[in-house]
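Below is one structure, written out as structure tokens, with a few remarks after it.
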Amino acid sequence: MRNDKENLIVTLSFELALEVISFSEKIRTTNRFEMASQIFRSGTSIGANIREAQNAESKKDFIHKFKIAAKEADELEYWLYLCKESNVYPSPDEELFKKLKSIILIISKIISSSKNTN
């Protein structure tokens, strides 16, 4: 059953998704729709999977949803680095990278601690 108390990772992933939406729209203004879509999908999927994990049917399901969120975070990081290193895409600001790295660390910790509890 869902707990509606403040949840740090839910909040952080939601805030990241909002920033990702803004950045993907910035890319769209350069008519680079494929990259914008990739960034939008992976960046918003992180929070969606974390949110879905809040209603997990079991511990195994909870861990699975967080693993999907981790994969999406890694994918987002890849797309953002491509933009940063490319000379044809707008570069994301460092704050976006910091927030993403922090979320990746939290997700990793949640997965490992969830595996170690009965």
In segment 74-98, which residues are surrounded by fewer than 17 Cβ atoms within 10 Å (Cβ to Cβ) and either more than 22 Å from GLY47 (Cα to Cα) or of a type outside the set (Asp, Glu) (or both)?
TYR78, TYR81, LEU82, LYS84, GLU85, SER86, ASN87, VAL88, PRO90, SER91, PHE97, LYS98
From the residues in segment 21-55 that are basic (Lys, Arg) and part of a helix (DSSP H, G or I), which one is nearest to the chain's Cα centre (by Cα)?
ARG41
Modelled with pLDDT under 95 and either within 16 Å of the chain's Cα centre (by Cα) or not aromatic (Phe, Trp, Tyr) (or both) - does that describe any residue in segment 69-77?
no
Which is surrounded by 13 or more Cβ atoms within 10 Å (Cβ to Cβ), over 24 Å from SER24 (Cα atoms) and free of Cβ contacts under 8 Å to residues at least 60 places away in the same chain, of ILE68, ILE111?
ILE111
If I go through segment 6-20 residue by residue, how many of them are in a helix (DSSP H, G or I), out of contact with any Lys or Arg (no Cβ under 9 Å at 6 or more places or on another chain) and either modelled with pLDDT under 95 or surrounded by fewer than 16 Cβ atoms within 10 Å (Cβ to Cβ) (or both)?
3
Candidate set: segment 6-47, residues that are in contact with a Ser or Thr (Cβ under 8 Å, 6 or more places away or on another chain) and polar (S, T, N, Q); chosen: the one farthest from GLU75 (Cα to Cα):
SER24
With the first residue restricted to segment 75-103 and required to be at positive phi, and the second required to be assigned to a helix (DSSP H, G or I), Cβ contacts under 6 Å at 6 or more apart or on different chains are none
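The values are calculated or read from the model by the stated rules, or taken from the named source; none is laboratory data. Note that the coordinates shown come from a computational prediction; the quantities given were computed from them, not determined experimentally. As a convention, Cβ positions derive from the backbone with ideal geometry for all residues, glycine included, and neighbour counts pool all protein chains shown.
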